[in-house]
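**Q** First the structure, which I've put down as structure tokens, then a few questions once you've had a look.
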Amino acid sequence: MSDSRQPLAERMRPQTLDEVIGQSHLLGEGELLRRIVKNGEPVSLILWGPPGTGKTTLARIIAREVKAEFIELSAVTSGKKDVEQVIEHARQNWNLGLRTILFVDEIHRFNKAQQDAFLPHVESGLITLIGATTENPSFEVITPLLSRSRVLVLQRLTKDEIISVLKRALKVLKKSKQVSPKALDYLAELSDGDARVALGNLELALSFNEKVTPEVVKAAAQKRLPGYDKKGDSHYDVISAFIKSLRGSDATAATYYLARMIDAGEDPEVCCSANGDFCVGKISGWRVMVR
């Protein structure tokens, strides 16, 4: 596939640790991931963080830097047969003196039995497992696998870091003069720390007009749904923040989190705590009941 047909986010994927923007708590001088790469000895990792923070990118860079073969599976589309094929290939690599890094995207989608299948091969060193997840691994990844891995938390990129990502892309595209500073700022604001979203919006905005202004960005980006889910971390984080705002008598914060739940399509009647101390009733009618 030609580069021009690849999404901008894929074309701009960093190839070395020095090209990665953000995650300084892991990549700074003397920090864990920097040391792993410098030592040339990969370890099994669980990368936990929001979308667009570099989980796949870091896994690929680690494999490249330690000269290991990189095999990628998605837990959404892969099954037992796919895992067995990877293990057999890893055995062939082992006999040739080659390392194998298996990257499992959305590892939380694998059930307990599927995750169990990795254990003997991680234990023996046949494979180095790097799993990526947007969900809390304490709840979604089996304990024996967690005990054999290091859990690393990736953070959303800051606004300044997103702007740096966008500026680098524009420099590569030789279109730095086509995007106004205000448009860059707006793109970064809309991304919510997700580099992939920011680059996708930039690419679309550039296709709309030779001069990208905030108005062009608004037309390209449309409305981004707030981070929220029915059963995952975002769901409980927002509800918890809403409850704490009520307890702290912070009307502004409580209204914000309530509006965020409504905007994301939360059930109009949802109990916000296990003991029923705080409940949101008839959210769609803006009537809040607190007991």
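The values are calculated or read from the model by the stated rules, or taken from the named source; none is laboratory data. Source: prediction; values computed, not measured. Glycine gets a Cβ as well: all are built from the backbone with ideal geometry, and neighbour counts include every protein chain shown. Note: accessible area is taken over every heavy atom of the protein model, side chains too, but ligands, DNA and RNA are not part of it. Shrake-Rupley method; radii C 1.70, N 1.55, O 1.52, S 1.80 Å.
**Q** If you put +1 on each Lys and Arg Cβ and -1 on each Asp and Glu Cβ, how big is the dipole of region 67-187 around its Cα centre, in Debye rounded to 20?
**A** Computed about the Cα centre, the dipole is about 840 debye.
**Q** How many angstrom lie between the C-alpha centres of region 151-188 and region 38-65?
**A** For region 151-188 versus region 38-65, the Cα centre distance is 22 Å.
**Q** Shape verdict for region 1-156, please, from the Cα gyration tensor: rounded (a/c under 1.5), prolate (a/b greater than b/c) or oblate.
**A** rounded
**Q** Moving on to the next point. On the principal axes of its Cα set, how long, how wide and how thick is the chain? Give whole Å, largest value first.
**A** Computed over the chain, the largest-to-smallest principal extents equal 66, 55, 37 Å.
**Q** Related question: Too long at a 22 Å Cα-Cα cut-off: which of Lys38/Lys159; Lys55/Lys218; Lys182/Lys211; Lys175/Lys218; Lys38/Lys112; Lys182/Lys218?
**A** Distance filter (> 22 Å) returns Lys38/Lys159; Lys55/Lys218; Lys38/Lys112.
**Q** Percent of accessible area on region 1-159 owned by carbon and sulfur, 1.4 Å probe?
**A** Roughly 48 percent, rounded to a whole number.
**Q** To continue, here is another question. Run the dipole for the chain about the Cα centre, Lys and Arg Cβ at +1, Asp and Glu Cβ at -1, nothing else charged, and hand back the magnitude in debye, nearest 20.
**A** I would put it at about 580 debye.
**Q** Most mobile of Lys218, Lys177, Lys167 per a Gaussian network model of the chain (Cα springs, under 10 Å)?
**A** Lys177
**Q** In whole Hz, what ³J(HN,Hα) sequence does region 111-124 give by Karplus (6.51, -1.76, 1.60; θ = phi - 60°), x for Gly and Pro?
**A** After applying 6.51 cos²θ - 1.76 cosθ + 1.60, I find 7, 4, 5, 5, 5, 4, 5, 7, 3, x, 7, 6, 4, 7 Hz.
**Q** Moving on. Can you list residues from other chains, or at least 5 along the same chain, whose modelled amide H is less than 5 Å from the amide H of Leu45?
**A** Leu129, Ile130, Gly131, Arg150
**Q** So with the 1.4 Å probe, I'd like the accessible area per residue for the chain, rounded to whole Å².
**A** About 55 Å² of surface per residue is accessible.
**Q** Mind checking region 1-77 for GluC sites (Glu not before Pro) that DSSP puts in a loop (not H, G, I, E or B) and that have at most 15 other Cβ atoms within 10 Å?
**A** Taking region 1-77 and a limit of 15 other Cβ atoms within 10 Å, the loop GluC sites (Glu not before Pro) found are Glu29, Glu31.
**Q** A further question follows. Using only alpha carbon pairs under 8 Å that are at least six residues apart, calculate the relative contact order of region 55-191 and give it in whole percent.
**A** Value for region 55-191: 21 percent.
**Q** Next question, about the same structure. Say the dipole of the chain comes from +1 at the beta carbon of Lys and Arg and -1 at that of Asp and Glu; which of Leu45, Pro7, Leu170 then lies farthest toward its positive end?
**A** Leu170
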